[in-house]
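Just below is one structure, and these are the notes that go with it.
We did not get these values from a lab; they are worked out from the coordinates using the rules stated. A quick note: this is a predicted structure, and the numbers were derived from the prediction, not measured. Cβ placement follows ideal geometry from the backbone for every residue including glycine, while neighbour counts extend to all protein chains displayed.
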Amino acid sequence: MSNSTPHSEARWRLAWLLLTVAFAAHVLDETLTDFLSFYNPLIESTRQEVPWLPFPTFTFEVWLTGLIVGVLILFALTPLTRRDRSWMRWLSYLYGVIMTVNGLGHIAASLMLGRPAPGVVSSPFLLAAALFLLASVPRNRRAGGQEDTLAA
């Protein structure tokens with residue numbers, strides 16, 4: 001028996017949509033504040049200390065195209081936020097955690113630099129939307145009231 005109601009599904013869908021809007025705004029923020037001029041040198045210098053670090057450097061075109069495609073895919077997934085899609089619950093948690101880390105990373109970088117890092121203006125909105133999504137993902141309950149957090 002599921003405690004996922006039409007109301008909780010609507011809230012989940014709204015949370016997914018709001019996070020995707022916040023992510024799109026974050027991409028615009030990073031684009032307008034020349035994020036790659038901050039990111040690429042940071043990754044290159046970090047690789048000198050930690051050569052196995054899996055983070056790539058990007059050209060502007062590849063970076064922006066990848067983010068735009070990603071945002072469009074996330075918008076396209078919005079209608080799939082339904083209780084019969086257990087994989088969307090997993091994806092929602094993953095999406096929420098990644099965007100929480102992203103938002104916190106920009107804020108932490110700003111604090112460490114003592115000045116606004118590229119992308120920090122939109123980070124509080126990204127963080128709030130990510131936390132809202134994490135709080136909005138419905139959970140299922142098995143017969144007998146035991147929580148089965150991600151079963152379909």
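Here are a few things to note about the model shown:
- Which of Trp87, Trp12, Trp63, Trp52 has the fewest Cβ neighbours within 10 Å, and the rest in rising order: Trp52, Trp87, Trp63, Trp12
- 14 Å reach of a label modelled at Arg85, 7 Å along Cα-to-Cβ, counting backbone N of the range 7-22: 9-18, 20
- Extreme residue, positive dipole direction of the chain, given options Thr46, Val121, Leu14 (C-beta unit charges): Leu14
- Solution diffusion estimate, µm²/s, Stokes-Einstein, the chain, Kirkwood Rh from C-alpha pairs, 37 °C, viscosity 0.692 mPa s: 194
- Neighbour net charge for His106 - beta-carbon separation under 15 angstrom, K R +1, D E -1: -2
- Net charge of Cβ neighbours under 15 Å - reference Pro116; Lys, Arg +1; Asp, Glu -1: -2
- Nitroxide proxy distance, nm - points 7 Å out along Cα→Cβ at Ala135 and Glu61: 4.4
- Protection proxy ranking, peptides 114-126, 93-105, average beta carbon neighbours within 10 Å, highest first: 114-126, 93-105
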